[in-house]
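K.L.:
Below you will find the structure I want to go over with you.
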Amino acid sequence: MRNRRPAADDRPAEDLFRSRLENQIDLCHPLARLSAAMPWSALEQALSARLSADPLRGGRPALPIRLMAGLLYLKHAYALSDEAVCARWLENPY
């Protein structure tokens with residue numbers, strides 16, 4: 001008797017080769033703790049009108065507000081240029 005292949009709904013949602021970030025970083029790191037304490041939904045609500053893309057004007061779609069706010073925090077906390085904060089973000093998960 002052959003085993004039935006599980007339906008798509010029965011399979012775990014996480015991909016075997018794509019581990020979640022929270023499983024890779026130290027959640028006691030100061031930036032991870034700050035992120036957990038941030039009121040992200042309130043921040044998104046307050047900033048969405050100012051930072052959303054205008055489809056009538058064209059251009060690139062807006063990045064997530066949480067990403068932009070986090071990068072702005074890192075830029076000012078560590079006195080980095082735009083290029084330096086982007087490079088640091090790519091190489092360091094914190």
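K.L.:
Which one is nearest to residue 76 (Cα to Cα), of the residues in the stretch 31-61 that are among the charged types (D, E, K, R) and assigned to a loop (DSSP other than H, G, I, E, B)?
P.N.:
Here is the first cut: in the stretch 31-61, the residues among the charged types (D, E, K, R) are 33, 44, 50, 54, 57, 60.
Those left that are additionally assigned to a loop (DSSP other than H, G, I, E, B): 54, 57, 60.
On the way: 54: 27, 57: 29, 60: 25 Å.
The extreme case among them is 60.
K.L.:
So which pairs qualify, if the first residue must be in the stretch 26-51 and in contact (Cβ under 8 Å) with a residue 60 or more places away in the chain and over 14 Å from residue 68 (Cα atoms), the second must be in a loop (DSSP other than H, G, I, E, B) and aliphatic (A, V, I, L, M), the Cβ gap must be under 7 Å, and the two must be at least 6 apart or on different chains?
P.N.:
Cβ pairs passing all conditions: 32/25.
K.L.:
Do we find that residue 41 is farther than 16 Å from residue 90 by Cα, modelled with pLDDT of 90 or more and hydroxyl-bearing (Ser, Thr, Tyr) in this structure?
P.N.:
Details: farther than 16 Å from residue 90 by Cα: yes; modelled with pLDDT of 90 or more: yes; hydroxyl-bearing (Ser, Thr, Tyr): yes.
Yes; evaluated as a whole, the condition is true for this residue.
K.L.:
Can you find a residue that is among the hydroxyl-bearing types (Ser, Thr, Tyr) and loosely packed, with under 11 Cβ neighbours inside 10 Å anywhere in the stretch 57-78? It would help to see each step written out before you state the result.
P.N.:
Pass one, the stretch 57-78, residues among the hydroxyl-bearing types (Ser, Thr, Tyr): 73, 78.
Next, only the ones that are loosely packed, with under 11 Cβ neighbours inside 10 Å stay: 78.
Yes - at least one qualifying residue is present in the stretch 57-78.
The values are calculated or read from the model by the stated rules, or taken from the named source; none is laboratory data. The structure displayed is predicted, hence computed values, not measured ones. Ideal geometry is used to build each Cβ from the backbone, glycine not excepted, and the neighbour counts take in all protein chains shown.
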